Amino acid sequence: MTDPVTVWHRLAGSTVLLDGFHALKHAVRFGAEVPVAVTADRAAALALADELAPDVRDALGALLTEVPHETYASFVPRPHPTAVAALAVRPSRESNLARLARTPRTTPVVVLDNPRNLGNAGAVIRLAAGFGAAGVVTTGTVDPWHPTVVRGGAGLHFATAVERLEVPDLPPGPMFALDPEGDDIRGIKLPDDAVLAFGSERTGLSTELRDRADHLLSLPMRPQVSSYNLATSVAMTLYHWSAGVGSPF
């Protein structure tokens, strides 16, 4: 059996860090290739699998190797309460771009225009996966596969297509961008092939993306409330879309 520490050090620079039991569970559930997975407490990790993920319990049992806590802790930025970590192979950019470009599309693509907060980006990817969105695209400098984003997304990057693109290269489809000056979303039916765009937490939509948008929409908000959290805005918009089409699954 290959030493997991040796494998970890060989692959750490070219793979995706799965930080915590739930990230590993979701990655395995959605078909990720996981060459190495470790835990400081194998019995506790498999007990979690029995309770929360019996569908992938056997797969996790085959993957997880117990290592000393000090070794596990050296692999992650900060230890996770579940003391589980793994490395996964990132889906190819080519395959993700093909998924994003595929038409006709039956679920929207979410675009985050120059997001600044890594945790927010992860939460949006988790939401998008939960709604069955076709993908999440970011513009700007933030890497949507950064370990903090993957941790915030609980490994659900593997359940949808996640990529970073320039505005001119965004996926096809009618673009609905969220903006305080837009039309009330409650009066609009969002099509299945919509591209739903959300501005930066601090500066809102870029001029380039605003010019690309086909429609500007606003979310209902009580006067004198400044804004919603980015993930909350995405959740409200995806729920509005899903309520118009019934269950997307």
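The values are calculated or read from the model by the stated rules, or taken from the named source; none is laboratory data. As the structure is a prediction and not an experimental result, all values here were calculated from the model. Cβ: placed from backbone, ideal geometry, glycine included. Neighbour counts: every protein chain shown. Please note that ligands, DNA and RNA were not included when accessible areas were found on the heavy atoms of the full protein model with its side chains. Shrake-Rupley method; radii C 1.70, N 1.55, O 1.52, S 1.80 Å.
The table below gives the values:
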quantity: Candidates D41, D19 - the one that is surrounded by 19 or more Cβ atoms within 10 Å (Cβ to Cβ), charged (D, E, K, R) and out of contact with any Phe, Trp or Tyr (no Cβ under 7 Å at 6 or more places or on another chain); calculated: D19
quantity: Failed item in (1) more than 17 Å from the chain's Cα centre (by Cα); (2) at positive phi, with A47 passing the rest; calculated: (2)
quantity: So L112, is it open to solvent by 10 Å² or more (accessible area, probe 1.4 Å) and among the hydrophobic types (A, V, I, L, M, F, W, C); calculated: no
quantity: Residues satisfying the stated conditions in the range 1-16, i.e. open to solvent by less than 30 Å² (accessible area, probe 1.4 Å) and touching a Ser or Thr at 6+ places or on another chain (Cβ under 7 Å); calculated: P4
quantity: Residue identified as modelled with pLDDT under 95 and either within 20 Å of A129 (Cα to Cα) or among the β-branched types (V, I, T) (or both) among T82, T2, T15; calculated: T2
quantity: Where a residue in the range 126-145 is on the phi < 0 side of the Ramachandran plot and its partner, wherever it lies, is among the charged types (D, E, K, R) and open to solvent by 20 Å² or more (accessible area, probe 1.4 Å), with Cβ under 6 Å and at least six apart; calculated: A134/R105; T138/R164; P144/R164
quantity: Test: residue in the range 16-36 that is of a type outside the set (D, E), on the phi > 0 side of the Ramachandran plot, in contact (Cβ under 8 Å) with a residue 60 or more places away in the chain and assigned to a loop (DSSP other than H, G, I, E, B); calculated: yes
quantity: Criterion: out of contact with any strand residue (DSSP E or B) (no Cβ under 7 Å at 6 or more places or on another chain), modelled with pLDDT under 95, aliphatic (A, V, I, L, M) and under 24 Å from F75 (Cα atoms) - qualifying residue of V149, V142; calculated: V142
quantity: Pair list, Cβ < 8 Å and 6+ apart or interchain, from the range 214-237 residues that are open to solvent by 80 Å² or more (accessible area, probe 1.4 Å) to residues that are of a type in the set (V, I, T); calculated: H215/I188
quantity: Qualifying residue in the range 180-197 (condition: within 16 Å of A123 (Cβ to Cβ) and open to solvent by 20 Å² or more (accessible area, probe 1.4 Å)); calculated: no
quantity: Residue match in the range 62-76 (condition: among the small types (G, A, S) and open to solvent by 60 Å² or more (accessible area, probe 1.4 Å)); calculated: yes
quantity: Within the range 149-164, tally of residues that are open to solvent by 10 Å² or more (accessible area, probe 1.4 Å) and free of Cβ contacts under 8 Å to residues at least 60 places away in the same chain; calculated: 2
quantity: Candidate set: the range 128-148, residues that are surrounded by fewer than 24 Cβ atoms within 10 Å (Cβ to Cβ) and within 10 Å of the chain's Cα centre (by Cα); chosen: the one nearest to S92 (Cα to Cα); calculated: W145
